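Q: Would you mind keeping the following structure in view while I ask a few things?
Quick note: the coordinates plus some simple rules give every number you see, no bench work behind them. Just so we're clear, the structure is a prediction, and the values are computed from it rather than from any experiment. Cβ placement follows ideal geometry from the backbone for every residue including glycine, while neighbour counts extend to all protein chains displayed.
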Amino acid sequence: MAMQLRLEFQRSAVADEVAAITAVVRPVLVGLLHSLKREVVNEAGGLENVKLKMLSRLYRPGDGDCGLCFEYAVHDAMNRGEATVLERLIGALKHCKIRGKQTASILFGAEKSGGLRLIDTARDRLTDDSRILVGLRGQPPKLKQHLKTALEAMRKQEARELLPWSIRGIWKADLFVGCTDTDRWVATTVKINPAALEAAPGLRIGVVPNREGATDIIRRDDSRNLIICPIPHDYAFMQVFYEGWVVARQFLHADAQMPGEAFLPRPPERQVARYLEDRRDFPVVDVIAALGPLAQPELLDSTQRDASVIDAPVAGTELGGGETGVLEAPMPRITQ
């Protein structure tokens, strides 16, 4: 399935909090929209027709929602050149012996319902010779030919046995991070809770928030064969992400109205909530697009290109006639 992605690359420093929070609220809204169950989206007329005010009523908070939005935000930040994220992941890639100048991230995720697996941009960025590095001796496996097996492995134990031993755990990855010019990639797990990091054959990088008082050094965890990549917090990406997450959740909790001052006491957060309230009657995908010009002028340079989605049979996605469900609407475009 073809779709359009607009890639955004950071060109200057963030000038104010409102612009920064506005920028991060956009991928948070994308994550929350994609957390809706398939049947709920279908009843609303598809992803592109879910209005912001309806998202507040259709969305049901879950324990993994912040983590889902964090995965998407890290993926989005890396692809648009967010400095505090990109620099950290470039450092982690060097630990994995991956060299190159054209870094990229491929999203490997699932709907909250478990009904759909997405590999964002995989067909565009992977070649038949793309290799996945696992930190072991020997020829690295070719990634592209094992993707669909990895998808099936999410729900079937027997499919996991079909993967080469060295990458038997890549179905647990959230992202594939690497360099397109050298065509080398690593399976990456992204966890909002560092305690949830786990080892699996083929996983190489673990992206986590940096905790107060903890070291932010990119380091190797020999016990899990992972390169731990903490994302900076104070006055950096994680602080802005959490602020954007709070604005989105409090706004939806208030039935897509301006939350009370006790819920959003800080003026920059309330300003972004006003942007959302003014647009509550519009589809979420249109609101995401409309917020682009409200971010800092000239913060990002944008380029547009084709991307594609791969999906595979997953339990609980059968439609009438026993057909396997597929993505019925493209991922909302994050555009300026």
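Q: Points 7 angstrom from Cα along the Cβ direction at Q102 and L136: gap in nanometres?
A: 3.0
Q: Additional query: E198 versus F282, label points 7 Å from Cα toward the beta carbon: distance in nm?
A: 4.2
Q: Going through the range 134-227, which GluC sites (Glu not before Pro) have at most 16 other Cβ atoms within 10 Å and a DSSP loop state? Don't jump to the answer; show the numbers that get you there.
A: Working: sites: E152, E158, E161, E198, E212; in loops: E161, E198, E212.
Qualifying residues, ordered by number: E161, E198, E212.
Q: Next question. Which lysines have a Cα less than 23 Å from the Cα of K142, not counting those fewer than 8 places away in the same chain?
A: Answer for K142, where 23 Å is the Cα cut-off: K94, K97, K101, K156, K172, listed by chain and number.
Q: If you line up the Cα atoms of the range 2-311 on their principal axes, what length do they span on each, largest first, in Å?
A: That gives 58, 42, 36 Å along the principal axes, largest extent first.
Q: Now, a different point. Tell me which GluC sites (Glu not before Pro) from the range 238-292 have a DSSP coil assignment and no more than 15 other beta carbons within 10 Å of their own.
A: Taking the range 238-292 and a limit of 15 other Cβ atoms within 10 Å, the loop GluC sites (Glu not before Pro) found are E261.
Q: Something else: Say the dipole of the range 2-311 comes from +1 at the beta carbon of Lys and Arg and -1 at that of Asp and Glu; which of A173, P230, C66 then lies farthest toward its positive end?
A: The Cα lying farthest towards the positive end belongs to A173.
Q: At E43 and D222, where each label point lies 7 Å from the Cα along Cα→Cβ, what is the point-to-point distance in nanometres?
A: Once both label points are built, they end up 5.5 nm from each other.
Q: Check each of the trypsin sites (Lys or Arg not before Pro) in the range 164-216 and keep only those in coil by DSSP with at most 16 other C-beta atoms within 10 angstrom; list them in order. Intermediate results must be reported in sequence, preceding the final value.
A: Details: sites: R168, K172, R184, K191, R204, R211; in loops: R168, K191, R211.
The qualifying sites are R211.
Q: Could you tell me the largest-minus-smallest coordinate of the C-alpha atoms of the range 19-81 on each of the three principal axes, in descending order and whole angstroms?
A: Taking the Cα atoms of the range 19-81, the three principal extents are 36, 24, 17 Å.
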